[in-house]
Amino acid sequence: MTKIKVNNYVKHSPPQPQAPAGMMPPKFRINLALNESPYPPSPKAIEAYQETVKVLNRYPNYTSAELRLVLGEKYGLDDRKIMCAAGTEQILSYIARAYIGEGDEVIHPKYGFMVYRFNIAMQGGISVPVEHDDFIINVDYILDAVTDKTSVVILDNPGNPTGTYVPYDDIKRLRAELPQHILLVLDAAYAEFAYEDDYDAGLELVDKYENVIVTRTLSKLYGLSGLRVGWAYSTEEIINTLLHLKGGFNVSKPAQTAGAAAVLDQEYADECRDKCRAGIDYLTAELRAMGLNVTSSVCNFIMLHFPDGRDQMKNTNDYLKDNGIMVGPLGAYDLPASLRITVGTDAENQAFIRAMKDYLGK
Ligand SMILES: Cc1ncc(COP(=O)(O)O)c(C=O)c1O
């Protein structure tokens, strides 16, 4: 058999999970596993999407120009400093390819988005996970972890799977105290859910410094996970660097058009956000009343910890699966006694709580 040479870092990087990510096996009727929105996209986004069907014989705009204009106007940003891609994940891989070299140390939260580790490994970089205080990132631990090999600090704020956030004052201090040659990547995938006064996604830091990238997505609050639209805001120099890696028409015409319509429908987005927060409050209160430990979350999911450990988590998860409810075990995050539960519709949340009460005999 012919031996085809595979890049060593690809060979030795951790395998990515296969199905069912992004696909619900037929036996599940309630999917609370993947931090998606439980609601369909804005009716205006659906209408815009359907319109594009007639022009699918044409390539999409190469730079997602209109979507960038819409985002720029909404957030008061220079659209030349915005880049769109097929989901934040694609942008994160461009960032890794551009800015992580062999042997570089990359600091990230211990309980941070799993994809960071894959990207770091793929580049031959060294993953430097930092501890949290009660699942909240402490920026001092990040600053303490800096060495002369550190090239990038990346954090999801708010965090997945923690659901917690770092106050903006701390993020500003982090940027000010990090050596200036270190790139700070702020992954704000869940920013739209966090309306706390002391939270901010950090877009203005991009204008103040030369070394900040903020990433955002339409996969979460805007309900477009299936369409794949993410965007980044950074300096023109960094955006132009990332654009070198884009290679082709990466954002489809339906994604650009429906994405712009979704972003413009603030009223619908606010409605979804409020319903998600009410669902999170309901799930948190009900689970705590059962004696379970829930980390307070500003996102569209919660982290649930089982006091009796791994077996209790596993047995509960098996029971939920048998009842058609899919949630997210966090073993891969080194949290073997925890589950991540994405908020559902009211009916789905109630069905989940009923199943939990049945199982725990409450
Ligand atoms: C923290 C974080 N960043 C990025 C992503 C990926 O988002 P996208 O769908 O835009 O690729 C996710 C998805 O779950 C996430 O949790």
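Observations on the model:
- Within straight-line cross-link reach of LYS253, lysines at Cα separation under 16 Å, skipping those fewer than 8 residues along the same chain: LYS44, LYS54
- Each DSSP beta bridge with both residues in the chain is either parallel or antiparallel, and the antiparallel ones are about 50%.
- Once you reduce the stretch 44-69 and the stretch 252-282 to the center of their Cα atoms, the two points are 18 Å from each other.
- In plain terms, the residue of LEU360, LEU77 with the fewest other Cβ atoms within 10 Å comes first and the most crowded comes last, giving LEU360, LEU77.
- Long-range Cα-Cα pairs in the chain (distance over 24 Å), rounded percent: 59
- Fewest-first sequence of THR235, THR147 by Cβ atoms within 10 Å of each Cβ: THR147, THR235
- Sites listed here are trypsin sites (Lys or Arg not before Pro) in the stretch 133-197 whose DSSP assignment is loop and whose Cβ has at most 13 other Cβ atoms within 10 Å: LYS149.
- CD proxy at 222 nm, helix term only [per DSSP H run n ≥ 4: -39500 (n - 2.57); per residue of the chain; nearest 500]: -12000 deg cm²/dmol
- 12 Å beta-carbon shell around THR150, net charge (K/R +1, D/E -1): -3
- Taking Cβ atoms as reference points and 15 Å as the exclusive limit, the residues near TYR62 contribute a net charge of +3, counting Lys and Arg as +1 and Asp and Glu as -1.
- Per-residue Cβ neighbour rank within 10 angstrom, fewest leading, TYR222, TYR233, TYR359: TYR359, TYR222, TYR233
- Shape category assigned to the stretch 81-182 from the gyration tensor of Cα positions, a/c cut at 1.5: rounded
- For the chain, a crude dipole built from +1 on the beta carbon of Lys and Arg and -1 on the beta carbon of Asp and Glu, taken about the Cα centre, is about 1660 debye to the nearest 20.
Only the coordinates and a few stated rules stand behind these numbers; no lab work does. Since we're looking at a predicted model, the values are computed, not measured. Using ideal geometry, Cβ is built from the backbone for each residue, glycine included, and neighbour counts are taken over all protein chains shown.
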